[in-house]
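K.L.:
Below is one structure. I have some questions about it.
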Amino acid sequence: MSSTGHLEALGGAAGESPAGSVTYLDAVRAALRDALRSDERVFLLGEDIGAFGGAFGVTAGLLDEFGEERVLDTPISEEGFVGAAIGAAWMGERPVVEIQFADFLSCPFDQIVTVAAKTHWRSGIALPLTIRAPTGGGVRGGPFHASSPEGFFVGVAGLKVVCPGSVEDAYGLLRTAVEDDDPVLYLEHKALYRRLRAELPPETHRTPIGKARIAKPGTDATVVTYGSGVPLALDVADRVAADVEVLDLRTVWPLDAAAILESVGRTSRMLVLQEASRSSGAAGQVLSLIAREGFESLDAPPALHAAPDTPVPFAPELEDAYLPSLESTTAALEQLLAY
Amino acid sequence: MPTDGIVPASDPKSVTHATRLELFRLVLLQRLVEERVLALYRQGRIAGSVYDGRGQEAVAAGAGLALGPDDVVAPLNRELACHFARGVEVAHVFRNFLGRATGPTFGRDGNMHFGVPERGVFPLVSMLGNLCPVVTGAALAFKRRGEPRVAMTFLGEGAFSVGDTHEGLNLAAVWHVPAVFVIQHNQWSYSTPVAKQTANPNFAERIRGGWSIPAERVDGSDALAVYETVQAAVERARAGEGPQAVEALSLRLHGHAAHDDARYADAAVRDEYERTRDPIERLAARLLLDGLSETTLDAFRSEVADEVGRGLAEAEAAPAPDPATLLDGVYANPVE
């Protein structure tokens, strides 16, 4: 998202960063490194992740530490190497796949939805498989390098889909995903890679899958969000003249319905904020939940602020207009509060 | 009692009498179980749809038996005998067709769509080619761990029109993993003949030339030839020589599934194959030439038929799934 205030405050240029802090990207890399160190069944595979260190540098240095047997460069073959990761997981390995851009998840969609998601249910074979993919815009990536395709996977029985919105969860969710016995889609946001900065959590830190977190408590309204929406919502909450709660879903499938209902039950107003197009992403499920089970607690119609139903555009003028911004999100929240 | 016109199966000296008898048991089991399944389906006692591999039993049996006890395999619709070669019980197969709670998919999937994890069998998925990269990944795990194990899957010739097949073969070759691909070239992809699927139906040649994977062609109606050829491929893969492929030429004698009468196919071609190359009768003819008496062979056929009957009875007595379990099993680690 094009918000910068809170993000700059957390990170900014590397030279200004507080001592001891790491970026969101560093946290992803640290989680991979620690998982590789702690369990020899873990190995990485994906395009250009070895000597090159990955398109965003997430796996930089891991080839040197762990060697080609555990940091495996693949051909351009997403359906093939996701399938291969499934086969390795069947044999008890814990592969972690990197999909270079989350847009490319359309290529291995069949392996993910047909094979990975249904195998445990129809055979009892567990598939401990993690698929990482950078989502999102804000880097002028255009329609094939900036999408937020999590909505394709929300509602797919047998999959778990997580979207870290903080440094702590970038680490903790990835460690949990690798140790989980089910296929997990771990969708890291590329615009947060170098913007978010915080202390690296301890090696023992794990973020539970399926549990939302109150990123900021409040009483007047709840912003339900995830991924890049989290730092944006925190910024917006600072700007409005109300006490706003920010609920970071962290896992978008299966949803933490109890946490959403509990928060909105207290605040009586809900804004769902997501970077994905308004008819995609996780918003539909959240709004449906509130309509069905939270209706009587509402003082205002549930609101949605999201990108429009178009592909992600390239030109800065268009992409800035497409992404939820500090200004547009503030306006959406103020409208909700004024109802 | 060799049927007139039947060409006896080949006589590879390396294949022992015990193995020949076991292969005969496997092809016959597939034939008799499938005949029973089709009858049950037509009586309305099996729901959904059923697929059989009539005419292709030798490929399933020969390739399945070529695997070692610690190897793994992903069979498809036409390879029931491969399950039996892995030690899967007849009753377990019937429990799946009948949708029983104690079957391999717990009633969640039907017909040949099942795996048996404790026997190293991965469950079939309907999307053709999907399991090609999956077994490549299983073989990658064996290579990583230095285990002398092999992963196999079957691919119909129809799967060579799908991208997954290309990606899986390519990865297997690049990674040099112990995977074996058995091509079930049965001439038909549902109602589409091979001539409308590809400009080059010599799949062994394409696999050699396209992916640099050793690939041989074998007569898919000859269980002994299939066994000998696939076993050699399996042992080459096990010895570290990388992926291997075998293209088995056969003919699908039934429609794609039980609802399909295959009226689009030339019945005369089918009849001729059945008359001269029926895989069960070819192997029976070889066993008689080996010196087995007709009486012994008939007794053997009766034993296998009895095994099928007992398996069906056991499966029919198995419980149906309880609708209260509808939400179970989606996750290995359910979110609390």
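Values in this text are rule-based calculations from the coordinates and carry no lab data. Small disclaimer: the values here were computed from a predicted structure and weren't measured. We place every Cβ from the backbone using ideal geometry, glycine too, and count neighbours over all the protein chains shown.
K.L.:
Taking the Cα centre of region A:5-199 as origin, work out the dipole magnitude from +1 charges on Lys and Arg Cβ and -1 charges on Asp and Glu Cβ, in debye rounded to 20.
P.N.:
360 debye
K.L.:
Provide the gained length on full extension for the span B:Asp260 to B:Val194, in nm with one decimal, where the gain is 0.36 nm per separating residue minus the Cα-Cα distance.
P.N.:
Between B:Asp260 and B:Val194, full extension yields an extra 22.0 nm.
K.L.:
Just from its helices, what would the mean residue ellipticity at 222 nm be for the protein assembly as shown, if runs of 4 or more DSSP H residues each count -39500 (n - 2.57) and the sum is divided by every residue, rounded to the nearest 500 deg cm²/dmol?
P.N.:
-12000 deg cm²/dmol
K.L.:
So if each residue of separation counts as 0.36 nm, and I subtract the Cα-Cα distance between B:Asp322 and B:Met127, what length gain in nm does that give?
P.N.:
Details: separation 195, 0.36 × 195 = 70.20 nm, distance 2.85 nm.
Gain in length upon complete extension: 67.4 nm.
K.L.:
With respect to the cross-link table entries B:Lys143/B:Lys196; A:Lys160/B:Lys143; A:Lys160/A:Lys190, which display a Cα-Cα separation exceeding 26 Å?
P.N.:
Check vs 26 Å cut-off fails for B:Lys143/B:Lys196; A:Lys160/B:Lys143.
K.L.:
Under 1.5 on a/c is rounded, so check that first for chain B, then, if it is not, pick prolate when a/b is larger than b/c and oblate when it is not; a ≥ b ≥ c are the square roots of the alpha carbon gyration tensor eigenvalues.
P.N.:
Since a/c stays below 1.5, the shape of chain B is classed as rounded.
K.L.:
Wrap a convex hull around the Cα atoms of chain A, take a quarter of its surface area, and give that in square nanometres.
P.N.:
Working: hull surface 65.1 nm².
Directional mean of the projected Cα hull area for chain A stands at 16.3 nm².
K.L.:
Right, next: Using DSSP, restrict attention to beta bridges with both residues in chain B and report what percent are antiparallel, rounded to the nearest 5.
P.N.:
Close to 10 percent.
K.L.:
Separate question: Tally Lys and Arg at +1 and Asp and Glu at -1 over the other residues with C-beta under 14 Å from the C-beta of A:Phe153: what net charge comes out?
P.N.:
So the surrounding residues net to -1.
K.L.:
Let me make sure I get this right: for the protein assembly as shown, a, b and c are the square roots of the gyration tensor eigenvalues over alpha carbons, sorted descending. Under 1.5 in a/c it's rounded, otherwise prolate if a/b > b/c, else oblate. Which is it?
P.N.:
The shape class here is prolate.
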